[in-house]
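Here the structure comes first, spelled out in structure tokens, and everything after it is commentary.
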């Protein structure tokens, strides 16, 4: 004889799997939270500013040192 299956449990499991796959797609589509994006952008701007301040200025950037 066949095994008795609880259909409600099966439906819940299927809905949970669909929800999980949908949430994974949304996470990939929308990426990181805005506050994390903003924090990383500010850190990058700070780092870029520090590097720009230490950059050596050449009179002619296309000229080689060999002459």
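Data for the structure
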{"read-out": "Within region 28-39, tally of residues that are part of a helix (DSSP H, G or I) and exposed (fewer than 10 other Cβ atoms within 10 Å of the Cβ)", "value": "5"}
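One line per residue, one yes/no per condition, for (1) surrounded by 10 or more Cβ atoms within 10 Å (Cβ to Cβ); (2) on the phi > 0 side of the Ramachandran plot; (3) modelled with pLDDT of 85 or more; (4) not in a helix (DSSP H, G or I):
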{"residue": "15", "(1), (2), (3), (4)": "yes, no, yes, no"}
{"residue": "19", "(1), (2), (3), (4)": "yes, no, yes, no"}
{"residue": "42", "(1), (2), (3), (4)": "yes, no, yes, no"}
{"residue": "48", "(1), (2), (3), (4)": "yes, no, yes, no"}
{"residue": "52", "(1), (2), (3), (4)": "no, no, no, no"}
{"residue": "59", "(1), (2), (3), (4)": "no, no, no, yes"}
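The values are calculated or read from the model by the stated rules, or taken from the named source; none is laboratory data. Note that the structure is a prediction, hence the values are computed from the model and not measured. Note that each Cβ is placed from the backbone with ideal geometry, even for glycine, and that neighbours are counted across all protein chains shown.
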